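The values are calculated or read from the model by the stated rules, or taken from the named source; none is laboratory data. It should be emphasised that the depicted structure is a prediction, and the values quoted were computed from it without experimental measurement. Neighbour counts are summed over all protein chains in view; Cβ atoms, including those assigned to glycine, are modelled from backbone coordinates with ideal geometry. Just the protein is used for accessible areas: all its heavy atoms, side chains included, with ligands, DNA and RNA removed. Shrake-Rupley method; radii C 1.70, N 1.55, O 1.52, S 1.80 Å.
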Amino acid sequence: MGTKRFLTRTVEVVALVLLCLLIFGPMLGLVIWSVALRWYWPNLLPQEIGADYWRQALGLEKSLAVGAVSITGSLQTSLVLALLVVAVVMLLSTPVGYVLAKYRIPFKGAILLLFLMPQAFPQQPVFVNLLLVFTKMGLAGTFQGVLLVHLMVCLVFAVWISTAAFKAVPSELEEAARSLGAGGLRTFFRITLPLAMPGLLASAVFVFLTSLDEFTGTFFIGLPFVATLPMLLYSSSGFNLQFASVIAIVLLIPSILFMVIIERFLKAEYIGGIGV
Amino acid sequence: MPSLSLRNLNKRFGKAVAVENLDLEIHDGEIMTMLGPSGCGKTTTLRCIAGLLRPDSGEIYLGDKRITDTSPEKRGVGLVFQNYALWPHMTVHQNLAFGLQLRKVPKEKAARRIDEALAMVRLSGFEERYPRQLSGGQQQRVALARALVIEPSLLLLDEPLSNLDAQLREEMRFEIRELQKKLGITSVYVTHDQAEALVLSDRIAILHEGRLVQVGTPEEIYNQPGNRFVAGFIGLTSFVEGRVASVDDAGAYATVRTEDNLEIQAAASGLQPGQKVTLAIRPEHIEIGEQEPVPSVAGTNLFQGQVLRGAYLGDIIDYRIGVGNWVLRANTPTDRMLQPGQQVWLSFAPDRVTWIPA
């Protein structure tokens, strides 16, 4: 029995280590690259490390070296854009999701499908066409243009998720509130909205991350005047792996942060009651 | 407490008729059960009373106030759901406080009323719990307290015990009945469970396919079912069809002859010779004998039959017994076992045979 248990345990540990490598391995490479000042073949690790690239990227130090990039401008563009997208998308998708979930409306399936349409076709042709339209409208290369593209991409998920979130709130809970004297609006804000909140928050986080990472649409509509972080990552990845690594890590931070928040929030016990 | 009156209520969903020409009067302080199989329109009716559905036509009066078009929040009706419908993001206290806040009851007074309501359902001390921390029975008692704490003029209960296990369900029947009597609140109780209806109700309204079939006290419904559906739905009943052959001189008893020439004596009240009738006989009124009784008493119904099969129910054994072309159900205590195929003699008093117009 003892050897058998030892064997099982060994297999478990090996599997765990492999899993960690699979998940964190690529990220570890990024971290090493972002601090590698000198790293020549055949060395397994960099010969010289330092935070120089980080300092330059964050604009703390100006360097005249070729390819030195400051990411602060793009970071700001990306964050402002993502937050705006979250605000607008949530303002739109919450009522739309509520109506789709709670009311009998004709062509409900068709409407939901319509929201999926932009995703149903290959992205490049869609955005190339959009570029033509936006150029005519004077939106190409503007912040507003990029904002519209991000809205189009994110609204899809948001409407679907919030519809599901509102659908998960049993109508008896709302009817109970009505019978106790609450009008429609009060019932929505005191009962329906709080109960749909975990789903809506998940949707908001998803929208935020999608906007932060959005590439194709921004590439066609935004460049060269509106450069978000993924644009910068793309343009530096070809020749300056250190900067690319720094940007990649910066892009990872909000994702990881939000994963932690989602995980903590979605664990909140009261949503366990929603499924009643 | 006001009475409730439903006048010629109609409700359709698309082409399906849910409620048709329903007239029902629920008296002040009475608990009325709407009983029927699923799809009979009982829940639809209840939702119309609560204001969650609008009837297509007809009127609803609470006391002398017409509430047909009143929105649900203005009706002042307490509502209890099958799945409790407690708000999972609020504590028991907050669940109960909700209705009082909307009525602008001052905080201290509200706290006192919440205490009283929780004491009433024996849940004092559970104020700070969340619904998920309570058992099903406790959750339903909280739901009841939440509906009662606003002192509604009408209490509506939609299958409130259907999600609970059998034993708890039995206890809660009495609890709800007692509470209702203590508060004297006019109540409408929807259920498909006839035992629940018999225990709980002052009167029972039987619904079938959207129509009101019979209204009466539990005794009336059980002993004088108005038609075959009611007789079959409430308790166990065997049916025998025949034609009235004769009525005795005093007009007290009638002889009903079946097509296979069985002659059954029944209480005649209102029967005319030649009339086609369905006779209803409850299993508990049938005596099973294993030998032919001698001498047979004149005036009782005595038939020879054959045991088809029996079902052991714990307290009794439920037999199906073939008599002529008919199958009658009858019981014995569990210490008396009959074998399938065995010859038996069934006897039952004419007074116990009720008739239903065929």
Next on the checklist: Pairs needed: first member in region B:120-139, farther than 22 Å from residue B:181 by Cα and open to solvent by 30 Å² or more (accessible area, probe 1.4 Å); second member anywhere, among the hydrophobic types (A, V, I, L, M, F, W, C) and at pLDDT 90 or above; C-beta distance under 6 Å; at least 6 residues apart or different chains.
Outcome noted: B:126/B:92; B:127/B:92; B:129/B:92
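Out of B:135, B:153, B:124, report the one residue that is polar (S, T, N, Q) and touching a strand residue (DSSP E or B) at 6+ places or on another chain (Cβ under 7 Å).
That would be B:153, the only listed residue that is polar (S, T, N, Q) and touching a strand residue (DSSP E or B) at 6+ places or on another chain (Cβ under 7 Å).
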Item to check | Candidate set: region B:48-93, residues that are aliphatic (A, V, I, L, M) and in a loop (DSSP other than H, G, I, E, B); chosen: the one farthest from the other protein chains (Cβ to nearest Cβ) | outcome: B:67
Next on the checklist: I'd like to check something: does region A:36-57 contain any residue that is part of a loop (DSSP other than H, G, I, E, B), surrounded by 10 or more Cβ atoms within 10 Å (Cβ to Cβ) and of a type in the set (Gly, Ala, Ser)?
Outcome noted: yes
Checklist entry - Being within 14 Å of chain A (Cβ to nearest Cβ) and either in a loop (DSSP other than H, G, I, E, B) or closer than 25 Å to residue A:185 by Cβ (or both), is that true of even one residue in region B:21-41? => result no
Item to check | Residues of region B:242-301 that turn out to be open to solvent by 80 Å² or more (accessible area, probe 1.4 Å), within 17 Å of residue B:354 (Cβ to Cβ) and modelled with pLDDT under 80, as a count | outcome: 1
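Do you know which of the residues in region A:161-172 that are within 13 Å of another protein chain (Cβ to nearest Cβ) and open to solvent by 10 Å² or more (accessible area, probe 1.4 Å) is farthest from residue A:97 (Cα to Cα)?
A:172
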Checklist entry - So which of A:15, A:82 is among the aliphatic types (A, V, I, L, M) and farther than 30 Å from residue A:192 by Cα? => result A:15
Next on the checklist: Given the condition over 19 Å from residue A:181 (Cβ atoms) and assigned to a loop (DSSP other than H, G, I, E, B), answer yes or no: does some residue in region B:138-158 qualify?
Outcome noted: no
Checklist entry - Counting residues that are open to solvent by 10 Å² or more (accessible area, probe 1.4 Å), which strands (runs of 3 or more DSSP E) fully inside region B:171-228 reach at least 3? => result B:211-216
Item to check | Enumeration of residues in region B:70-100 that are surrounded by fewer than 21 Cβ atoms within 10 Å (Cβ to Cβ), within 29 Å of the chain's Cα centre (by Cα) and charged (D, E, K, R) | outcome: B:73
Checklist outcome for this item: Okay, helices (runs of 4 or more DSSP H) sitting entirely in region A:181-249 with 3 or more residues that are away from chain B (no Cβ under 14 Å) and under 16 Å from residue A:84 (Cα atoms), I get A:193-213
Item to check | Number of the condition not met by residue B:92 [criteria: (1) under 23 Å from residue B:46 (Cβ atoms); (2) hydrophobic (A, V, I, L, M, F, W, C); (3) in contact with a Pro (Cβ under 8 Å, 6 or more places away or on another chain)] | outcome: (1)
Checklist outcome for this item: Restricting attention to region B:22-42, the residues that are in contact with a strand residue (DSSP E or B) (Cβ under 6 Å, 6 or more places away or on another chain) and either crowded, with 18+ Cβ neighbours inside 10 Å or among the small types (Gly, Ala, Ser) (or both) number exactly 12
Item to check | Residue among B:7, B:47 that alone is farther than 30 Å from residue B:125 by Cβ and surrounded by fewer than 20 Cβ atoms within 10 Å (Cβ to Cβ) | outcome: B:7
Checklist entry - Regarding residue B:108, is this residue within 13 Å of another protein chain (Cβ to nearest Cβ), open to solvent by 10 Å² or more (accessible area, probe 1.4 Å) and acidic (Asp, Glu)? => result no
